[in-house]
1. Residues 45, 37: which one is within 20 Å of residue 101 (Cβ to Cβ) and touching a helix residue (DSSP H, G or I) at 6+ places or on another chain (Cβ under 6 Å)?
2. Filtering segment 12-36 down to residues that are on the phi < 0 side of the Ramachandran plot and not in a helix (DSSP H, G or I), which residue is farthest from the chain's Cα centre (by Cα)?
3. Residue 129 fails exactly one of the following numbered conditions: (1) closer than 29 Å to residue 71 by Cβ; (2) at pLDDT below 95; (3) in contact with a helix residue (DSSP H, G or I) (Cβ under 9 Å, 6 or more places away or on another chain). What is the number of that condition?
4. Scan segment 9-21 and tell me whether some residue there is without any contact (Cβ under 8 Å) to a residue 60 or more places away in the chain, under 18 Å from residue 121 (Cα atoms), surrounded by fewer than 17 Cβ atoms within 10 Å (Cβ to Cβ) and out of contact with any strand residue (DSSP E or B) (no Cβ under 9 Å at 6 or more places or on another chain).
């Protein structure tokens, strides 16, 4: 583990960004699920569920992004690693896609098929990309991990 890459934005030793990313990840895939169920059943319930899911995915993604950006700016060992920037760029692209997906649903619920579904698929791909690069930072390089010196 790199000493200059320990988390600076943490609560009781737990990095906030790592705690928060699970929500938008789950909600991006939930939005894809609502689109598939709507396509399959044509039940308007799934359109309404998709609006909420896409909205919360975007909002929680922004919150996780703020915590991640703070880590990127404040910690030299994170800022100096190319993989950190790859993760950040993939996550920013994901937020743009997720925000567009939510906006499409808010302004035109009938656009769920095909535009919402296409955006949900694209968001899922970018979730995988951002998650892969974020996971590599943690598991391969120990980025953002706080270790008790007594352990």
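1. Numbers: 45 fails: touching a helix residue (DSSP H, G or I) at 6+ places or on another chain (Cβ under 6 Å).
Step by step, each of 45, 37 is checked, and only 37 is within 20 Å of residue 101 (Cβ to Cβ) and touching a helix residue (DSSP H, G or I) at 6+ places or on another chain (Cβ under 6 Å).
2. It comes out as 14.
3. It is condition (2) that residue 129 fails.
4. no
The values are calculated or read from the model by the stated rules, or taken from the named source; none is laboratory data. Predicted model only: the values in this text are computed from it and were never measured. Quick reminder, even Gly has a Cβ in these numbers, built from the backbone with ideal geometry, and neighbours come from all protein chains shown.
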